[in-house]
Structure formats: C-alpha cells, structure tokens
Amino acid sequence: MEERVERIAEDQVARLVRFVLARIPDPASLQGEARRTATALQLAATKQIAAVRYHRASPPRPAAATELHASASWNLLVAFAHVWHDHPEFPADAAIETFEFESESPLSTTTDHDPPRER
C-alpha cells in the first residue's frame, strides 16, 4: 500500500523550484519571439514560486486567504515540471499536486493551517 504524505516539505519546494527554473532558458541569450516566450515563462514561474513561498511564510490565521492561490500556483509549477517528466533530474517525489496529500493544507508548514477535523 502506498503511504500518503501529509505535507509538502521545504526540500521538495526547493527541488521543484530549482528544476523548473533550470529548464527555462535565459531570455538574454535569445532573440525575437523566443526571447519573449522565455521571458513570459520565467515571469509565470517566478510569480507562482513567490505565491507558494509567501503562503508558507504566512502566520496560520491569515494564511487561509493565500491558500487557494498558493495551491493553484504549486499545481502549475508541478505541471511545468511534468513537461520534462522524462528528464533524468525530474523530482518525482516533489512534483506532486496538492490534492494527492492527506492534509487539507499541504503547503502549510504546520498543522496550525489545517481546519479542525470533525470527531
């Protein structure tokens, strides 16, 4: 039976971020439409990364306001990474969408972000 993880660990965030950013070419080395495309992809990735990091750094109570955006951002980063799923450095244990976790708030750093469970 497969064990489900409750939270996304900081090392998983770091590995996924490193992997995605390493796949995006440096826009300065490109020209024309390729440069604009690389710039747009880099911008989209960094905005998603910022949303995830902001949510993870938020105190428990206001974090609920950032959770939906952070989850969508994380899942988009996972989708970016899956474009290169056959790459030898693909971080399979980090490229997991939020709905695959036991926790209702897998991007939070503590259980303080989770709503109380019914007994």
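The values are calculated or read from the model by the stated rules, or taken from the named source; none is laboratory data. All of these numbers come straight from a predicted model, not from anything done at the bench. In this analysis, Cβ positions are derived from the backbone assuming ideal geometry, glycine residues included, and neighbour counts consider all displayed protein chains. In case anyone asks, the SASA skips ligands and DNA or RNA and just uses the protein heavy atoms, side chains included. Shrake-Rupley method; radii C 1.70, N 1.55, O 1.52, S 1.80 Å.
A few comments on the model shown:
- Taking label positions 7 Å along the Cα-Cβ direction at both A28 and A79, the computed distance is 3.0 nm, reported to one decimal.
- Using the Cβ-Cβ distance between T37 and F99 with R0 set to 35 Å, the FRET efficiency works out to roughly 0.75.
- If a spin label sat at a point 7 angstrom from the Cα of K47 along the line to its beta carbon, the backbone N atoms of segment 3-35 nearer than 17 Å would be those of 21.
- Long-range amide H partners of E6 with built H, under 5 Å: E102
- Where segment 1-104 is the region considered: accessible area per residue in Å², 1.4 Å probe: 62 Å²
- Cα gyration tensor category, rounded, prolate or oblate, for segment 1-53 with a/c compared to 1.5: prolate
- For segment 23-98, size of Cβ-based charge dipole, Lys and Arg +1, Asp and Glu -1, in debye: 380 debye
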